[in-house]
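Engineer: First the structure, which I've put down as structure tokens, then a few questions once you've had a look.
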Amino acid sequence: MAVDAVTEPEFGEKRVHHIAALCLGIFCIVVGVPLWWKTTEVYRVSLPYSDIQHLSDTKIEYLTQVEVVWAVNKDVGSVFLSDLAVQLNRQLEKKDQPSLTSRFEVIVREAEKAELAALEKIGAVSDLQQIMPSDALHKYSVIITKTSSLLSQPILALNNNIFLPYNGAAESALAAQITQLLKDVMRESTVVKNLEAARRMKIERPDKSSMRSFRFHPGYDVTFTLMVPEPERVRVDWDIETGIKDYLQPLKASLDEYIDISISSQVLYFIGIGGRPKKGDGFYFFQEQDLPHIINPLESKLGSHASNNPGMNFIVYIPTVNKRPLFIHDNKGVPVPSNSFLSPRWGGVMIYNSESSGVNSSQPDSNVNVDMHKVMEVFISQMRLLLNINAQLMTEELLIVQTGSARLQQWELSAWLRSRCVENLAAATLTLQSLAQLLEEIGNIVINDEIGKEVESAVASIKDSQRQLLLGDLHAAFLASRAAVEASELAFFHPSLLELLYFPEDQKFAIYIPLFLPISIPILTSVLHAIKFFRRPPKIKSE
């Protein structure tokens, strides 16, 4: 195709126009496109993805110190004690889980003269707490004593001390007995089950305690409710403030450093429980299969729960005059002694019959004075189960020294901290890995600085907790694991993650095409003409 000849002034004018078009095109490509790309990109803070991925590869290890004190007035020699230490180390280190290891530091020694003298002065089981007191949560002492009328069976004192009467067993049999007692008191099986449940592993047999108790949370809201369906006929007096102070406060005080428990109470009138009780011979009763029908109608009547903390509801129900006494029967038809039941991860209900129930049940007016000792004894037992604080041991012959208080004993606190710490580490790790997977798969989610700080804080807290567990500091390890759970959940549920999550790519084209298409077509056409002009410049007419 022939190029038309132009005059020299026309050539210069066209040349200037095409240079301007090229400059504009180059400016749009070099400056405009990067500027638009930078100002419209999704802000994403760099996260430690590799560290998060390797968290689950790190095996959790916790250290436990075991001190065995030979306090029998019989010289067995150093060889026996050395062999006992070897047998203990061998049996305690058995059956490690793939992701959990328990390390033991075993010391076997003879009792000192002062310790033997103190044991000789013991007159009651309650005096055993004065022997070798220790505040170390990760240390357990097994005192092997001579058999007597007072020490005729293994006894677990308030602190982590186990008194074991010597029955003349050999080193291996004695080591096996000590190992069984230690692992039972330490609740080692509970630690493993909580770890497996937190990591969502397949468990061969469902664990009732993990299904019944709440997952760990930094705070819980406890509400005590008195339900009086007929206040015009029944006058009820309950001193809930004294009950909380005398019975619940010791349990709350022993956990204040680790969880926040807020307590409230209320009285509901003209509200009954759901379900229709069956009639017996002079009484009414609910069967075990009727209990779920009681809980569901109650939830809507307890009031709104305006809190991020899980709620525990404990209800005292006063039966109506024409349906009392009212009892709860188990699946065998036997009345439940406490006349109460526990709803997993919710709370408990107690049906309270007055002492005169059934004698003058047709009496139009009656007074009911609620026995707070009876009520709080049931509710505290249920609360301990909901918090996964189970004082029931598998070793039947082991006698536990009772204090008469709801305050946690040292061995209970040690086992609870160890179990919850391992559970928190697994839960925080799983939350971080789920968040990392989500952010890697969806590229248009905003990751702001706050989320980055929370993720880094959670990773650092997990590593710190693992380090403290390895050193045996249960207190510091639990606090670090709690911080890891809080930080990981704050990052995972941060509201900014949803800002651009539901903004599909086709909507971006719908916005940008009407904006850039009318501008880009003239610029692109001018640039093409300019390139064509300089590649095949027109001929200049000669004068």
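Engineer: Using alpha-carbon pairs under 8 Å, 6+ residues apart, how would you state the relative contact order of the chain in percent?
Structural biologist: Numbers: 780 pairs, mean separation 115.1, N = 543.
Normalised by residue count, the contact order of the chain is 21 percent.
Engineer: With all protein chains present, how much of the accessible area of the chain (probe radius 1.4 Å) comes from carbon and sulfur, to the nearest whole percent?
Structural biologist: Summing carbon and sulfur atoms, their accessible area is 54 percent of the total for the chain.
Engineer: So how tilted is helix 171-185 from the main axis of the chain? Cα-based, degrees 0 to 90, rounded to 10.
Structural biologist: Helix 171-185 sits roughly 70 degrees off the main axis of the chain.
Engineer: Taking the Cα centre of segment 376-510 as origin and charging only Cβ (+1 Lys, Arg; -1 Asp, Glu), how large is the dipole, in debye to the nearest 20?
Structural biologist: For this selection, approximately 480 debye.
Engineer: With every protein chain kept in place and ligands, DNA and RNA left out, what is the accessible area per residue of the chain? Probe 1.4 Å, answer in Å².
Structural biologist: Value for the chain: 53 Å² per residue.
Engineer: Given the C-alpha centroids of segment 288-345 and segment 156-188, what is the distance between them in whole angstrom?
Structural biologist: So the separation of the two Cα centres works out to 40 Å.
Engineer: Of Tyr247, Gly25, Ala491, whose Cα points farthest to the positive end of the dipole of the chain (charges on the beta-carbon: +1 Lys, Arg; -1 Asp, Glu; origin at the Cα centre)?
Structural biologist: Gly25
Engineer: Under 18 Å Cα-Cα from Lys59, which aspartates and glutamates qualify once same-chain neighbours fewer than 8 residues away are excluded?
Structural biologist: Asp51, Glu93, Asp96, Glu188, Glu196, Glu423, Asp464, Asp473
Engineer: If we sort 124-130, 174-180 on the protection proxy, mean other Cβ atoms within 10 Å, highest first, what's the order?
Structural biologist: Averaged packing, sorted descending, gives the order 174-180, 124-130.
Engineer: Apply the a/c threshold of 1.5 to the C-alpha gyration tensor of segment 119-233 and tell me whether it is rounded, prolate or oblate.
Structural biologist: Because a/c hits 1.5 or more and a/b fails to exceed b/c, segment 119-233 counts as oblate.
Engineer: Rounded, prolate or oblate, given the Cα gyration tensor of the chain, with a/c below 1.5 counting as rounded?
Structural biologist: Details: a/c = 4.12, a/b = 1.78, b/c = 2.31.
It comes out oblate by the Cα gyration axes.
Engineer: A further question on this structure: Using Cα atoms only, what is the angle between the long axis of helix 505-535 and the major principal axis of the chain, expressed in degrees (0 to 90) to the nearest 10?
Structural biologist: 30 degrees
Engineer: Let me ask you something else. Beyond a 27 Å Cα-Cα separation, which of these cross-linked pairs lie in this structure: Lys183/Lys245; Lys193/Lys252; Lys301/Lys323; Lys139/Lys374; Lys74/Lys121; Lys252/Lys463?
Structural biologist: Pairs exceeding the cut-off: Lys183/Lys245; Lys139/Lys374; Lys252/Lys463.
Engineer: How far is helix 8-27 tilted off the main Cα axis of the chain, in degrees rounded to 10, range 0 to 90?
Structural biologist: The angle comes out at about 0 degrees.
Engineer: Which lysines have a Cα less than 29 Å from the Cα of Lys532, not counting those fewer than 8 places away in the same chain?
Structural biologist: By straight Cα distance, Lys532 reaches Lys14, Lys541.
Engineer: When the helix-only estimate is applied to the chain (DSSP H runs of n ≥ 4, each -39,500 (n - 2.57), divided by the residue count), what is the mean residue ellipticity at 222 nm, nearest 500 deg cm²/dmol?
Structural biologist: Helix contribution divided over all residues of the chain: -13500 deg cm²/dmol.
Engineer: Under a crude label model (7 Å from the Cα following the beta-carbon direction), how far is Lys323 from Asp256 in nanometres?
Structural biologist: Computed distance between label sites Lys323 and Asp256 equals 4.2 nm.
The values are calculated or read from the model by the stated rules, or taken from the named source; none is laboratory data. Only a predicted model underlies this, so the values are computations on that prediction, with no experimental measurement involved. Glycine gets a Cβ as well: all are built from the backbone with ideal geometry, and neighbour counts include every protein chain shown. Each accessible area value is taken on the protein alone, full model and side chains, heavy atoms only, with ligands, DNA and RNA left out. Shrake-Rupley method; radii C 1.70, N 1.55, O 1.52, S 1.80 Å.
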